[in-house]
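Structure record follows, encoded as structure tokens.
The values are calculated or read from the model by the stated rules, or taken from the named source; none is laboratory data. These numbers come from a predicted model, not from an experiment. All Cβ positions, even for glycine, are placed from backbone atoms using ideal geometry, and neighbour counts span all protein chains on display. Protein only, heavy atoms only, side chains kept; ligands, DNA and RNA dropped before computing areas. Shrake-Rupley method; radii C 1.70, N 1.55, O 1.52, S 1.80 Å.
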Amino acid sequence: MIDLLAAGTLMLAAVQARTDPPPDGAWTWTLYADEAPVVLAHEVPDTAHLRATLECEPGDAVAQLTLYGGDGAAGMARVTAGEVTAVAEASTNRTGDVKLALRTDHPVFAAFGVAGRLVVAIGEARRTLEVPAPHLAKLRRFTELCSG
């Protein structure tokens, strides 16, 4: 009986871990550059929890941005970093993830690399991607690898 209760408690904890969002302190930016594609992920390491990824083929100069979760807005996106703005077509999937492509040699991406803040607006929906100062070197390295 005790083994059955212990197993039930472990199963409940596993289900709760999948549904409860991790605390803010658990999130970090990780650069995966050892093989193609190059990926910069805002994640909780060693879990399936992702907030955003930037992905590219080395030298391609195009970053695929995915913002996980959210309202699933699709259409033309206004992308802003600092005073610089770009327009990109955004798509969504059934889980509400928003995907769009940005050129790494565009001034908006350069401004993102300096300020660490990118705002994606699709209609009335807005999502902000922030890379804190200690992780900006990873964003710049991602840009270098993607740009060739």
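Key figures for this structure:
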item: Qualifying residue in the range 3-24 (condition: hydroxyl-bearing (Ser, Thr, Tyr), within 21 Å of Phe112 (Cα to Cα) and either open to solvent by 90 Å² or more (accessible area, probe 1.4 Å) or modelled with pLDDT of 85 or more (or both)); result: no
item: Scan of the range 45-74 for residues that are hydrophobic (A, V, I, L, M, F, W, C) and under 23 Å from Arg94 (Cβ atoms), ordered by number; result: Ala48, Leu50, Ala52, Leu54, Leu65, Leu67, Ala73, Ala74
item: Members of the range 75-89 found to be of a type outside the set (Ser, Thr, Tyr) and either in contact with a helix residue (DSSP H, G or I) (Cβ under 7 Å, 6 or more places away or on another chain) or open to solvent by less than 60 Å² (accessible area, probe 1.4 Å) (or both), listed by number; result: Gly75, Ala77, Val79, Ala81, Gly82, Val84, Ala86, Ala88
item: Selection status of Thr92, within 12 Å of the chain's Cα centre (by Cα) and open to solvent by 20 Å² or more (accessible area, probe 1.4 Å); result: no
item: Only one of Thr28, Thr104, Thr95, Thr53 that is at pLDDT 90 or above and out of contact with any His (no Cβ under 8 Å at 6 or more places or on another chain); result: Thr104
item: Pairs, first within 17 Å of Thr128 (Cα to Cα) in the range 43-66, second part of a strand (DSSP E or B) and open to solvent by 40 Å² or more (accessible area, probe 1.4 Å), C-beta under 6 Å, six or more apart; result: Glu43/Leu50; Gln64/Glu55; Gln64/Ala101; Thr66/Lys99
item: Yes/no for Thr30 being open to solvent by 20 Å² or more (accessible area, probe 1.4 Å) and touching a helix residue (DSSP H, G or I) at 6+ places or on another chain (Cβ under 9 Å); result: yes
